[in-house]
Amino acid sequence: MSAVILDGRAIASELLSSLKADVQKLNPKLVIVQVGEDPASASYIKQKIKACAEVGMRNEHIHLPTKCAREDLMRTVTALNQNPDVTGFIVQLPLPPHLTAFVPELIDAIDPKKDIDGFGAINIGHTFLGSEQLPPATPAGVIHILESSGIAIEGKRAVVVGRSNIVGKPLAIMLLNRHATVTICHTRTEELGRRTKEADILIAAVGKPKMITADMVKKGAVVIDVGMNRTEEGLIGDVDFKAVKEIASAITPVPGGVGPMTVASLIKNCVTAKKLQAGRSDV
Ligand code: GUN
């Protein structure tokens, strides 16, 4: 039997609707900083601005040139940190090659209260310790898909393939926070297929088109595909969707799975940031 398709667009739309009242009441403002012309980034930013419009959130798009100096980018971050009208902001990654080595310093410079990407050490620390005040948006989106679809996490064996700082590592921690038994696999994992086949919940976040094949998946597993690979065939995930959907019990498509959830989770974080800045702890 074919798997249930987990409709990220529908779940994201519900999440956005649930945020509208708070957005109206609290009037937060989200700012997106883009450096250069990376086409994937341009497309993600368009989706983020569209989601802001959908919930009525004030937003601003700051677009800096590809050859922007690190001092200019740092000046922009400092100004956003200091501007009381700005609730939260992100610097869309990746940065142009000459700025790549500067990313850790840049993330470190963002005021943790405005770090709605949840990438900085303070927010990663909160996530690690279980309070998940401003969790990274993609892992938060994955968790929301699982929880809103009634998929049990507690006690289950979750295997995360990928160990990036923005997806794999924090997602593993967030699954652990919900009492899953978690394995993290990566490029140097031996017998990868044997590990993935143990998963009740299998998450692919590697950036390699169709690398999770049907023989790597246990019958009845829930499969979440975080991959967004732009290929000649179009946008495809890390999972061989057509074959794996015949084995899994539930699966996210690409596009229309995790992508829209990342966007909705970012908007949610901006609302949460506004509440935290007002001293509220009930977020
Ligand atoms: N590039 C890919 N995903 C993300 C994200 O969630 N936030 C930022 N800032 N850049 C990204």
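The values are calculated or read from the model by the stated rules, or taken from the named source; none is laboratory data. All of these numbers come straight from a predicted model, not from anything done at the bench. Glycine gets a Cβ as well: all are built from the backbone with ideal geometry, and neighbour counts include every protein chain shown.
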Next on the checklist: All but one of (1) surrounded by 24 or more Cβ atoms within 10 Å (Cβ to Cβ); (2) over 29 Å from residue 89 (Cβ atoms) hold for residue 269; state the number of the condition that does not hold.
Outcome noted: (2)
Item to check | Residue ID - farthest from residue 29 (Cα to Cα), chosen from residues in the range 238-283 that are of a type in the set (D, E, K, R) and not in a helix (DSSP H, G or I) | outcome: 246
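Here is a check on your reading of the model: is residue 90 among the β-branched types (Val, Ile, Thr) and touching a residue at least 60 places away in the same chain (Cβ under 8 Å)?
For residue 90, the condition - among the β-branched types (Val, Ile, Thr) and touching a residue at least 60 places away in the same chain (Cβ under 8 Å) - is met.
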Checklist entry - Just one of 254, 271 is in contact with a Leu (Cβ under 6 Å, 6 or more places away or on another chain) and farther than 17 Å from residue 168 by Cα; which is it? => result 271
Checklist outcome for this item: Within the range 226-253, of all residues that are within 15 Å of the ligand (Cβ to nearest atom) and within 14 Å of residue 141 (Cα to Cα), the one surrounded by the most Cβ atoms within 10 Å (Cβ to Cβ) is 226
Checklist entry - Taking the condition surrounded by fewer than 21 Cβ atoms within 10 Å (Cβ to Cβ) and at pLDDT 95 or above, does residue 50 pass? => result yes
Checklist entry - Which of the residues belonging to the range 185-204 are at pLDDT 95 or above, over 17 Å from the mean Cα position of the chain (by Cα) and not basic (Lys, Arg)? => result 185, 186, 189, 190, 191, 192, 193, 196, 198, 199, 200, 201
Checklist entry - Does residue 77 fit the bill of being buried (at least 17 other Cβ atoms within 10 Å of the Cβ), touching a residue at least 12 places away in the same chain (Cβ under 8 Å) and assigned to a loop (DSSP other than H, G, I, E, B)? => result no
Next on the checklist: Checking the structure you have, find out if any residue of the range 71-92 is closer than 22 Å to residue 230 by Cα, touching a strand residue (DSSP E or B) at 6+ places or on another chain (Cβ under 6 Å) and of a type outside the set (Val, Ile, Thr).
Outcome noted: yes
Next on the checklist: Can you find, within the range 142-154, the residue that is surrounded by the most Cβ atoms within 10 Å (Cβ to Cβ) among those that are within 19 Å of residue 248 (Cβ to Cβ) and either modelled with pLDDT under 95 or more than 15 Å from the chain's Cα centre (by Cα) (or both)?
Outcome noted: 153
Checklist outcome for this item: Filter the range 102-141 for residues that are assigned to a loop (DSSP other than H, G, I, E, B) and more than 14 Å from the ligand (Cβ to nearest atom); the one that is surrounded by the fewest Cβ atoms within 10 Å (Cβ to Cβ) is 130
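Just to verify a result, which residue in the range 80-97, among those that are assigned to a helix (DSSP H, G or I) and surrounded by 14 or more Cβ atoms within 10 Å (Cβ to Cβ), is farthest from the ligand (Cβ to nearest atom)?
Taking the candidates together, the pick is 81.
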Checklist entry - Say we look at the range 157-168 and pick out the residues that are surrounded by fewer than 20 Cβ atoms within 10 Å (Cβ to Cβ) and closer than 15 Å to residue 183 by Cβ; which of these is nearest to the ligand (Cβ to nearest atom)? => result 163
Item to check | Subset of the range 255-266 (residues that are buried (at least 23 other Cβ atoms within 10 Å of the Cβ) and touching a strand residue (DSSP E or B) at 6+ places or on another chain (Cβ under 9 Å)) | outcome: 257, 258, 259, 266
